[in-house]
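To start, the structure under review is shown below, and the notes come after it.
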Amino acid sequence: MIRRCKIAIRGTVQGIGFRPFVYKLAHEKKLNGYVLNTSTGVDIEVEGESPQIDLFIEAVRSNRIPLARIEDMRLSALEIRKDQGFVIRESVSKAEKLTSIPPDIGICEDCLKELQDPADRRYRYPFINCTNCGPRYTIIEDIPYDRPSTSMRSFRMCSDCTREYTDPFNRRFHAQPNACPVCGPRVMLCGKDRKALPAEDPIASAVDLIEKGHILAVKGLGGFHLAADAENSLAVKRLRERKHREEKPLALMAYDMDSIRRFAHASPEEEALLTFPSRPIVILRKLVPNRISPEVSPRNRNFGVMLPYTPLHYLLLEGGLTALVMTSGNASREPICIDNDDAFERLGGIADFFLVHNRDIYLRADDSIVRRIDLGNRMIRHARGYAPSPVYLKADFPQILACGPETANTVCLTKGKHAFISQHIGDLTNLESLRSFEQTISHLKRIFDIEPALVAYDLHPDYLSTRYALKVENVKKIGIQHHHAHIASCMAEHGIEGPVIGLAFDG
Ligand SMILES: [Zn+2]
Ligand SMILES: [Zn+2]
């Protein structure tokens, strides 16, 4: 029996390869119809043999796309329309283009294979990406999420890349940051004087310098890192001194799980976290003894460890370094550098050399930090790979800006049933961070098309976030007691309604 069915999906399903997945699946099941991005997710209509439709729906529901999050899936029967074929329909109205912007995604296995395949046209190309992986949130300047609204706009795709980009069966169909060595961004190795060093392979030369004990500023996905050989105590000590960071642990990056197991314990749950496409820093128990410099995490039982998440990171680590110190590219308490000029200026006193590239980062995002505890995963720093994924609310809310506290600041903006939480912004008493706070608010307002009708602020009158809120004009403002906010956000995250007794363990 032939029937037609509409599947309305709400959740994080855009910009992560969901439509190409649906497209291929529909062709596989010989179904006609279309898939379309909507303001809250995607709509699919399929027509064909009834059992095939059942199989299709089940496959959509149980998709294994790493970052896809289906919050709600509604099915309804429709009249048969006798469509010919299955198509990806372009969003037409602006409302439909107000997509939920996905977070940045660590390099996928397919792209990694290409990176390491001498026969591939992208062999050793440090900006490989596809619809399943690559930069998103940090390169988006405006909506809709199309190439001209990203920092990839200055790179015109070559004919090979265009062919991939326009082929619905290709892994790079509508992959906005698609690039190759012919047409895409490039890396450059520079000295402190900003001049490029003559290097045939800048990345290999950078590794060479790190192995000799130098400190490098490396431009990544959400900002700069300061990189050093984690086994070289002199280098790590120098990095600490120059960064004015006395005791706090420095993050490590290692090539794969085998390398990590040479200096830290990782349970299967911790391994799952480390290898998740968000690629957070995971707090791991040290293996004793180990060859990592004691300067990395002094008087501490743990290391903060992550796996590489960009092709560039893989190229830096493939030469055999056990681990790199990869700490945020900033002086203590300042926000992480994202701009080449800014990095030369602010990191000039710390780094000996600079490995930069010409793909701009619009929004800074530090590495996220997660700890595995008995009850599950505890997010310590919500940033790259997670922001700006929304918390799904139970009811429609007016558009609200919540300004957050003064230290360890994040902000939140709501729209409909979504609460978008920003990346970790940091300590607002630092002028650069305060600027970053203001930039993040205006950026989120722009990319999600939000004009807050209400501004929520902490009741503490001296918080810089509170002062910011009180200066916003022509909106209603609500002061919220700090610990009340903690409990309320916890309730929203877990979808709890009604009266509760909340305990906020703070400070
Ligand atoms: Zn990929
Ligand atoms: Zn190309």
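The values are calculated or read from the model by the stated rules, or taken from the named source; none is laboratory data. Just so it is clear, the model here is predicted, and its values are computed rather than measured. Reconstructed Cβ throughout: ideal geometry from the backbone, glycine too, with neighbour counts over all protein chains shown. Areas reflect the complete protein model, heavy atoms only, side chains present, ligands, DNA and RNA absent. Shrake-Rupley method; radii C 1.70, N 1.55, O 1.52, S 1.80 Å.
Remarks
- Qualifying position, being modelled with pLDDT under 95 and within 11 Å of ligand 2 (Cβ to nearest atom), among R122, R156, R147, R172: R172
- Where D352 falls short, out of the listed (1) at pLDDT below 95; (2) under 30 Å from S205 (Cβ atoms): (1)
- Residue tally, condition within 16 Å of ligand 2 (Cβ to nearest atom) and exposed (fewer than 14 other Cβ atoms within 10 Å of the Cβ), over region 175-207: 1
- Any chance E345 is under 26 Å from F448 (Cβ atoms) and of a type in the set (D, E, K, R): no
- Listed by position, the helices (runs of 4 or more DSSP H) enclosed by region 239-335 include none that has at least 2 residues that are among the hydroxyl-bearing types (S, T, Y).
- Single match in L434, L401, L428 (criterion: in contact with a helix residue (DSSP H, G or I) (Cβ under 9 Å, 6 or more places away or on another chain) and open to solvent by 30 Å² or more (accessible area, probe 1.4 Å)): L434
Per-residue answers, yes or no, for (1) at pLDDT 95 or above; (2) surrounded by fewer than 17 Cβ atoms within 10 Å (Cβ to Cβ); (3) more than 30 Å from E141 (Cα to Cα):
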site	(1), (2), (3)
V46	yes, no, yes
D72	no, yes, no
G85	no, yes, yes
E90	no, yes, no
K97	no, no, no
I105	no, no, no
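- Unmet criterion (only one of (1) open to solvent by 10 Å² or more (accessible area, probe 1.4 Å); (2) outside the structural domain of F127 (by TED's automatic domain parsing)) for V35: (1)
- All of (1) out of contact with any Asp or Glu (no Cβ under 9 Å at 6 or more places or on another chain); (2) in contact (Cβ under 8 Å) with a residue 60 or more places away in the chain hold for Y309 with one exception: (1).
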